1. Sketch the reach of a paramagnetic label on Tyr106 as a point 7 Å from Cα along Cα-to-Cβ, and name the residues of the range 40-68 whose backbone nitrogen lies under 16 Å away.
2. Counting residues in the range 54-123 as N, plug N into 2.2 N^0.38 Å and put the Cα Rg over that result.
3. Please compute one quarter of the surface area of the Cα convex hull for the chain and express it in square nanometres.
4. Percent of Cα-Cα pairs per 10 Å bin, from 0 to the last occupied bin, for the range 10-58, please list those.
Amino acid sequence: VQLQAYGGGLVQAGGSLSLSCAASGLNLYGGYTLGWFRQAPGKEREFVAVCSKSGGMTRYAASVEGRFTISRDNTRNTVNLQMNALKPEDTAVYYCAATTSFSSNYAENYDYWGRGTEVTVSS
């Protein structure tokens, strides 16, 4: 089982990036709640967004609400994070995660984690 996040990079404040997370050995369709977390240097990992098993419910951290959009593509077995109006404080390593539990903001509830992708937002 492997999750791999990609799409990170360097962007100026106000810009956009689109992250994706591909799953192998794991069929995300219907059975997994999918989340994005991030960890900035010197800080703890924090919740960013979650998408329910059906894709019908999403929830965001207050710091990204209205700027980020999580979505899942069951045909491609991916979960995506569209990030707009980026701010320097969004700089972090972003991780995707999957769990068989119902929607959760807590990292300890997630069973599978991808290798992170680094996002740097310059001012």
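1. Correct set: 45-48.
2. Cα Rg divided by the expected 2.2 N^0.38 Å: 1.17.
3. 6.7 nm²
4. 19, 41, 31, 8
No lab work stands behind these numbers, since they all come straight from the coordinates. The structure displayed is predicted, hence computed values, not measured ones. Cβ sites come from the backbone with ideal geometry, for glycine too, and all protein chains shown count toward neighbours.
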